[in-house]
Amino acid sequence: MVKRTAGVVRRSVKTAWTCELMGESGLLIVGAGPAGLAAAYHAAKSGLHVTVVDDNPAVGGQIWRGEQPKATSAEARAWFEKVRSVDIEFVEGARVFQQRRPGVLLAETRHDVRELSADKAYSSVENHNVLDSFGVEAFIPFKINAVVNPKAPVWSRHLCEFTLNQERFLAHYHRRSNVETVFHMMKARFGASVSSRLPTAQVNEVLAMCVAHNLCCLVKAIFTAGLAPTFWQDAPAALPSQLPEEQP
C-alpha cells in the first residue's frame, strides 16, 4: 500500500516568505536525472500519480541536462519519449531542503527571479536560452571572441545589448560584485555557517549577523576616516512630579 505524500513549497515573493501546498501525490520523486525519470515512468505506468521535483529549470540531471528539447543521444531521446507518454507532474526549479514530518517535504522555488548575474564562464547559448524562457534578464559578460550567431537569436540579442549598452550592463552586473564582497566579509568575521537548527531561527541569526556587520563597518569608518559622529541624545529624565503615582 502506497502512502499519499503531500509536498509543501516555500517560495520567495519579493521580501516575504509564503507557504503553499503543492498537492498530494501517490509517489514523490526528488531528482529528475536518468534514475529519477526511469522510476517516475515505471511508477506512472503502473497507475500511480507521480510528482517529480528537481532544482534545475529542466529535467535530465547532470547527464542529460538541456537535452529534452532535442536529445543528442538515442538513449536520452527514448527515455524522454517514454516520460512524455505517461502522466507525470514535474515541479522544476524547486530544491527540497527539509522533511518537516512524515509525508511532508519543504522545498524552495525561485519563480520571482527578475535578473541573474554571473561571470563569463556561464555565458553559453543554453544558459541564455533558459533564462530567456523564464523571463529572467541575463547580465552575463561575453568572452572577447564572442560573435553574433544567426542560429542563436537570444544569444545574439544579449551580445548586442552587452556590447552597445555597457553602462547599463555594468550597473546591474556589479551588484553581484558588491554582494560577493559583503558575503566574504561576513563569512570572514562570523564564519560560514549558522548555529540555529530551525529555518526561522536560521534566518533571524543571519539577519542579526547583517546588523552586526553594518555596525562593525560603521565603527571602522569612524576610526579610519576620523569621523566625528553625532548620536541621538538620550531622552531627558522625567522629573519626580511627572512620574506616575504608585498604586497603594
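Please report the antiparallel percentage of the DSSP beta bridges confined to segment 79-214, to the nearest 5.
About 65 percent, rounded to the nearest 5.
If we count every other residue with Cβ under 12 angstrom of PRO141's Cβ, Lys/Arg +1 and Asp/Glu -1, where does the sum land?
+1
Just to check I understand the Karplus step: with θ = phi - 60° and J = 6.51 cos²θ - 1.76 cosθ + 1.60, what whole-Hz values come out for segment 73-82, glycine and proline as x?
10, 5, 5, 5, 4, 5, 6, 5, 5, 5
Could you work out the local net charge near ILE29, counting Lys and Arg as +1, Asp and Glu as -1, over the other residues with Cβ closer than 12 Å to its Cβ?
Value of the local net charge: -2.
If I model a spin label as a point 7 Å beyond the Cα along the Cα-Cβ vector, how far apart are those points for ALA188 and ARG175 in nm?
The answer from the label model is 2.5 nm.
Kindly report the accessible area of segment 39-174 per residue (heavy atoms of protein chains, probe 1.4 Å, no ligands, DNA or RNA), in Å².
Per residue, segment 39-174 has an accessible area of 61 Å².
Please calculate the 1.4 Å probe accessible area of ILE88, with all protein chains present, and give it to the nearest 10 Å².
ILE88 has an accessible surface of roughly 20 Å² with all protein chains in place.
Could you please put TYR122, TYR41 in sequence from largest to smallest accessible area, using a 1.4 Å probe?
TYR122, TYR41
Extension gain ARG84-ASN214, at 0.36 nm per residue separation less the Cα-Cα distance, in nm?
41.6 nm
The values are calculated or read from the model by the stated rules, or taken from the named source; none is laboratory data. All values derive from a computational prediction rather than experimental measurement. Cβ atoms come from the backbone with ideal geometry, glycine included; neighbour counts cover every protein chain shown. Side chains included, ligands, DNA and RNA excluded: accessible areas come from the protein's heavy atoms. Shrake-Rupley method; radii C 1.70, N 1.55, O 1.52, S 1.80 Å.
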